[in-house]
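Below: the structure, in structure tokens.
The values are calculated or read from the model by the stated rules, or taken from the named source; none is laboratory data. Worth saying up front: this structure is predicted, and the values here are computed from it rather than measured. Ideal geometry is used to build each Cβ from the backbone, glycine not excepted, and the neighbour counts take in all protein chains shown.
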Amino acid sequence: MDCRIRGALIGMTFGDAYINIRNRLKDGKYKYESSEIRIVHSLDQMDYCQYKCDCINKWLDRHAELHEHPNGVHGQYRCTGFSTSHPYFREIKRWCYPFGVKTYTEQNLSMLTPQGIAFWYMDDGSCRRNVTVDGWVHSVSTSIATYCSKKEVELIVDWFNQTYKIGWNIRYRKGSPDNKAFFIETNTKGSHDFAALVSPFIIPSMKYKLAHVAAVEAHERQTPVGVCKCGRLIYAERRKGLCDACYARKRRENYNR
């Protein structure tokens, strides 16, 4: 298998793709093993899901098609997705699920390519702009929701630093079990370096995931998205209708209860 295709498939598997290996019967009597990839996204990301489908069809000579799930998956949300089988997915499963669960290892990280990292980020990445009270972006951060063990996240951080000279900080999600609590986040400089690495592989409909880097480079005042109850302008919708000061105060109050 071409290392570029392999690296992209590893990145998809690090993200939202699921590899399933099943024993099946052909014509009701001949046993065989089916190795299948399944990818599902919300309807808002149908374009992205179609792009993944097209890539896999091209790389592996498949004929998969998207199917909409109007009632959602497990009743959660309306979505679209596809699945297709290929013997190579058996190897992907072995590399990425060595213990039956998705695990980051030196081996599978070493196979990852910039395009694979881009798929991983488009699936599980997020960004944040830190804005002054006057609406100027003074710094940004980029995160990938790895949600793994501390040992794995340390491995990921070391790999990024050694391979691409991009520094990441280890973050902890409170309330999660230790084997699924750790993720990575980088600062403004790391966000610049990371965006330069993945931007050639980010499709147009997902460019918003790199917009924070463009915002800090533009040195332009942000457009307000609302007004806080205290009277200050709000520049980030993620603050739930509050300015940064009120949002921080509310978080402190909730934490001290």
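Just a few scattered comments:
- Positions within segment 204-232 being of a type outside the set (A, V, I, L, M, F, W, C) and at pLDDT below 80, in sequence order: GLU217, HIS219, GLU220, ARG221, GLN222, THR223, PRO224
- Verdict on VAL198 being among the hydrophobic types (A, V, I, L, M, F, W, C), under 28 Å from THR223 (Cβ atoms) and in contact (Cβ under 8 Å) with a residue 24 or more places away in the chain: yes
- Search result, residues across segment 99-122 that are hydrophobic (A, V, I, L, M, F, W, C) and modelled with pLDDT under 95: PHE99, VAL101
- Flag for LYS165 being within 21 Å of HIS192 (Cα to Cα), surrounded by fewer than 15 Cβ atoms within 10 Å (Cβ to Cβ) and basic (Lys, Arg): yes
- Filter pass, GLY81 being more than 30 Å from VAL157 (Cβ to Cβ), touching a residue at least 24 places away in the same chain (Cβ under 8 Å) and surrounded by 15 or more Cβ atoms within 10 Å (Cβ to Cβ): yes
- Selected residue (criterion: modelled with the lowest pLDDT) from residues of segment 123-144 that are under 17 Å from the mean Cα position of the chain (by Cα) and surrounded by fewer than 18 Cβ atoms within 10 Å (Cβ to Cβ): ARG128
- Test: residue in segment 171-186 that is under 30 Å from ALA214 (Cβ atoms), touching an Asp or Glu at 6+ places or on another chain (Cβ under 7 Å) and either surrounded by fewer than 17 Cβ atoms within 10 Å (Cβ to Cβ) or not aliphatic (A, V, I, L, M) (or both): yes
- Taken over segment 27-36, the residue count meeting the criterion of being at pLDDT below 60 and charged (D, E, K, R) is 1.
- Just one of the listed residues (ILE156, ILE184, ILE166, ILE144) is in a loop (DSSP other than H, G, I, E, B), touching a Ser or Thr at 6+ places or on another chain (Cβ under 9 Å) and outside the structural domain of ILE10 (by TED's automatic domain parsing), namely ILE166.
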